[in-house]
């Protein structure tokens, strides 16, 4: 059916939704439409809105089309029939914008590829093969961004209000994590845990996911390492306050009762989505966001991606680019996703081999890419030693912090219950010991200075 086509949906809403038309019209192009009839209709709608600063009626378009010299009677009849299929239907505005943007991107890339083929076949005499990367780059950059910039003088009042507006932050249930972030993590940020294998990257993220869920937030947990059931098992252990071993022998009625208590306490949802290792990138995650919004009316407040190093890049293939650029690209794409969907994203990365055995991890211990610290807003190391493990504790060390001065409470201790996948605050005595053992300022800033070119 005609109405099942995205082109029909776009053209229909250009008639009935003025705000939608103003947002998308700058990005729509005539050559995105393959159907001749749809091209003519789009041109007529575009010309009308441009000239009269208003959306047209169906009659107005028919009159405009009838005056065109390049339209024969058959085509005019087809356009009339097409317009008769157009109706004003209720559609989720954000879904409509997202779908239109995706269609524009797909059409732009399709046309760019065809243009590249013409150039290589020497059928386009106006451009050389050297222009192909630029053509593809422009197509990939298609994005609905109607913001034209901040006018320093005219926007002063809005800016003043922003200064005095309390920024929404997502709070931890760990005192020192809230201290070093000035009350929690803001949206549109990328936050990275650095740790060796088995130290607690997934534990940290599962604990935080559990915390945010109990705060009534919608949480999306994307796993590329463990199965969905394994992540759910860890969150069960955390929220139900039982060991993972006990989960497997717990009676069904007890399990249901505990889970009901959790459900009664929160109006948030937790979705866990598994992707094969190294198979998914920010484009897949964006599609997932849109699908969850459409099918489950679920929009995440906080997103966890477990973990960054085993994501793919939407721009590069791993084998075709060095690890610095590849990991940095992934980090940039994830941060872009955080900005686009107005959410904080948590992820993790591995330490180098040297960092894995170190008791004082620094930024130089970031595995594979120094480009990651340059992109992250907040980066911290999870450190475990035999002594700390024996005490049921873990050290957290700030590596980069755009929210606060990272030299304040550079390192601190949290308690760990690995059986129940939980973190918790410990007594001040433990913090005092850590604080008294901090290196002097000159010493502890040596590693940091290596990254002085990073924007903090």
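Evaluating residue 87 against the criteria (1) in contact (Cβ under 8 Å) with a residue 12 or more places away in the chain; (2) loosely packed, with under 11 Cβ neighbours inside 10 Å; (3) under 31 Å from the mean Cα position of the chain (by Cα) leaves one unmet condition, (3).
Residue 116 satisfies every condition listed in (1) exposed (fewer than 15 other Cβ atoms within 10 Å of the Cβ); (2) in a helix (DSSP H, G or I) except (1). In the set (1) touching a strand residue (DSSP E or B) at 6+ places or on another chain (Cβ under 9 Å); (2) modelled with pLDDT under 95; (3) farther than 26 Å from residue 398 by Cβ; (4) crowded, with 16+ Cβ neighbours inside 10 Å, residue 218 fails one condition alone, (2). Of the residues that sit in segment 365-399 and are in contact with a helix residue (DSSP H, G or I) (Cβ under 9 Å, 6 or more places away or on another chain) and part of a helix (DSSP H, G or I), which one is modelled with the lowest pLDDT? My answer is 365. The condition of being in the same structural domain as residue 85 (by TED's automatic domain parsing), under 14 Å from residue 85 (Cα atoms) and within 38 Å of the chain's Cα centre (by Cα) holds for residue 7.
Of the residues 226, 177, 205, only one is part of a loop (DSSP other than H, G, I, E, B) and in the same structural domain as residue 402 (by TED's automatic domain parsing); which?
226
Test residue 198 against the criterion of being touching a helix residue (DSSP H, G or I) at 6+ places or on another chain (Cβ under 9 Å), assigned by TED's automatic domain parsing to the domain that holds residue 284 and outside any helix (DSSP H, G or I), and give yes or no. The answer is no for residue 198.
Scanning segment 403-425 for residues that are surrounded by 15 or more Cβ atoms within 10 Å (Cβ to Cβ) and over 30 Å from residue 247 (Cα atoms) returns 403, 404, 406, 409, 410, 411, 412. Checked against (1) in a helix (DSSP H, G or I); (2) in contact with a helix residue (DSSP H, G or I) (Cβ under 8 Å, 6 or more places away or on another chain), residue 56 meets all criteria but (1). Annotation: of all residues in segment 400-409 being part of a loop (DSSP other than H, G, I, E, B) and within 28 Å of the chain's Cα centre (by Cα), the one that is nearest to residue 336 (Cα to Cα) is 402. Checked against (1) assigned to a loop (DSSP other than H, G, I, E, B); (2) under 18 Å from residue 198 (Cβ atoms), residue 414 passes all but condition (1). Being modelled with pLDDT of 85 or more, under 28 Å from the mean Cα position of the chain (by Cα) and not in a loop (DSSP other than H, G, I, E, B) holds for only one residue in 62, 96, and it is 96. Each residue in segment 38-53 was checked for being part of a helix (DSSP H, G or I) and closer than 18 Å to residue 17 by Cβ, and 10 pass. For segment 250-288, a residue qualifies if it is in a loop (DSSP other than H, G, I, E, B) and out of contact with any strand residue (DSSP E or B) (no Cβ under 8 Å at 6 or more places or on another chain), and the qualifying residues are 250, 251, 266, 267, 276, 277, 278, 279, 281.
Looking only at segment 334-364, filter to residues that are in a loop (DSSP other than H, G, I, E, B) and modelled with pLDDT of 90 or more; which one of those is surrounded by the most Cβ atoms within 10 Å (Cβ to Cβ)?
The initial filter retains those residues of segment 334-364 that are in a loop (DSSP other than H, G, I, E, B), namely 342-343, 352, 358-362.
Filter once more, keeping what is modelled with pLDDT of 90 or more: 342-343.
Details: 342: 12, 343: 22.
Among those that are in a loop (DSSP other than H, G, I, E, B) and modelled with pLDDT of 90 or more, it is 343.
Looking only at segment 1-34, count every residue that is assigned to a loop (DSSP other than H, G, I, E, B) and in contact with a helix residue (DSSP H, G or I) (Cβ under 7 Å, 6 or more places away or on another chain) and tell me the total. Reasoning before the result, please.
Initial filter on segment 1-34 (assigned to a loop (DSSP other than H, G, I, E, B)): 1, 5, 17, 28-29, 33-34.
This time we only want the ones that are in contact with a helix residue (DSSP H, G or I) (Cβ under 7 Å, 6 or more places away or on another chain), so: 28, 33.
The qualifying residues number 2.
Hey, does segment 120-130 have a residue that's more than 31 Å from the chain's Cα centre (by Cα), surrounded by 10 or more Cβ atoms within 10 Å (Cβ to Cβ), outside the structural domain of residue 16 (by TED's automatic domain parsing) and modelled with pLDDT of 90 or more? Taking every residue of segment 120-130 in turn, at least one turns out to be more than 31 Å from the chain's Cα centre (by Cα), surrounded by 10 or more Cβ atoms within 10 Å (Cβ to Cβ), outside the structural domain of residue 16 (by TED's automatic domain parsing) and modelled with pLDDT of 90 or more.
The values are calculated or read from the model by the stated rules, or taken from the named source; none is laboratory data. Just so it is clear, the structure is predicted and the values come from calculations on it, not from any experiment. Cβ coordinates were reconstructed from backbone atoms using ideal geometry, including for glycine residues, and neighbour counts include every protein chain displayed.
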